[in-house]
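Everything below concerns the one structure shown next.
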Amino acid sequence: MRIDGACHCGFIAIEGEADPKTTTICHCTDCQTMSGGPFRVSVRVPGASLKMTGQPATYVKTTAASGIPRVQAFCPKCGTAIYATSVGDGVQPFYMVRVGILRQRDKLVPTQQIWLRSARPWVGDIAAVPSSELATAL
Ligand SMILES: [Zn+2]
Ligand SMILES: [Zn+2]
């Protein structure tokens, strides 16, 4: 499936080819911290298909929750998370692109959850949380 999208400010634009079946929810604490949310959703994009405009800033956490150093790429202007990938020179085999930046996000339905042991305990019950279109005064 062709995928394309951009960061919040538009400085970084990305396109590539992704298999929707690789869409994954990650509950690890690194994803919680870096997203500011309870989990992150990503889809795997082969490096050979990935095209990008704008140069993302990168950060490598050498003590990632998994123990494997990962390059985290984000927009240097607006901070939007773009992808994570392996450490190394040049194009990497795969990029885990953040689904929230993609126009096709409605079609990228997660097929697996990982790092469930650090999932927020309420995350499975989110449908039961009272909801409305706008924020209500609490
Ligand atoms: Zn941006
Ligand atoms: Zn994670």
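Entry comment: accessible area of the chain is 62 Å² per residue, from protein heavy atoms only and a probe of 1.4 Å.
From the convex hull of the Cα coordinates of the stretch 17-83, what is the mean projected area in square nanometres?
For the stretch 17-83, the mean projected area of the Cα convex hull comes to 5.0 nm².
Residues whose amide H comes within less than 5 Å of that of I114, counting only those at least five positions distant or on another chain, are I25, C26, H27 (H built at 1.01 Å from N in the peptide plane). A cut-off under 13 angstrom between Cβ atoms defines the neighbours of F94, and their net charge, with Lys, Arg +1 and Asp, Glu -1, is 0.
Only Cα sites of the chain enter the Debye sum here, all with the same form factor; the resulting log10 I(q)/I(0) across q = 0.11 1/Å is -0.42, listed in q order. Per-residue Karplus couplings for the stretch 14-25, computed as 6.51 cos²θ - 1.76 cosθ + 1.60 with θ equal to phi - 60°, are listed in order as 9, 8, x, 10, 9, 8, x, 5, 8, 5, 10, 8 Hz, Gly and Pro entered as x.
In summary, the lysines within cross-link reach of K61, defined as a Cα separation below 21 angstrom excluding same-chain residues under 8 places away, comprise K77. Remark: the stretch 72-79, residue by residue, has Karplus-estimated 3J(HN,Hα) of 9, 10, 8, 5, x, 9, 10, x Hz, where x stands for each Gly or Pro and the curve is 6.51 cos²θ - 1.76 cosθ + 1.60 at θ = phi - 60°. Proximity of backbone amide H atoms, modeled 1.01 Å from N, is registered between Q104 and D4 at under 5 Å, excluding neighbours fewer than 5 places apart on the same chain. Taking Y83, Y95, Y59 in turn, the Gaussian network model of the chain (Cα-Cα springs below 10 Å) assigns the largest fluctuation to Y59.
Restricting to DSSP H runs of at least four residues, report the calculated mean residue ellipticity at 222 nm for the chain, -39500 (n - 2.57) per run over all residues, nearest 500 deg cm²/dmol. Can you show the working numbers first?
Values: 1 runs with 7 residues, N = 138.
The helix-only estimate for the chain comes to -1500 deg cm²/dmol at 222 nm.
Protection proxy ranking of 12-22, 68-78, 110-120, by the mean of other Cβ atoms within 10 Å over each peptide's residues and highest first, is 12-22, 68-78, 110-120.
The values are calculated or read from the model by the stated rules, or taken from the named source; none is laboratory data. The structure presented is a predicted model; accordingly, all values stated were derived computationally and were not measured. We place every Cβ from the backbone using ideal geometry, glycine too, and count neighbours over all the protein chains shown. Please note that ligands, DNA and RNA were not included when accessible areas were found on the heavy atoms of the full protein model with its side chains. Shrake-Rupley method; radii C 1.70, N 1.55, O 1.52, S 1.80 Å.
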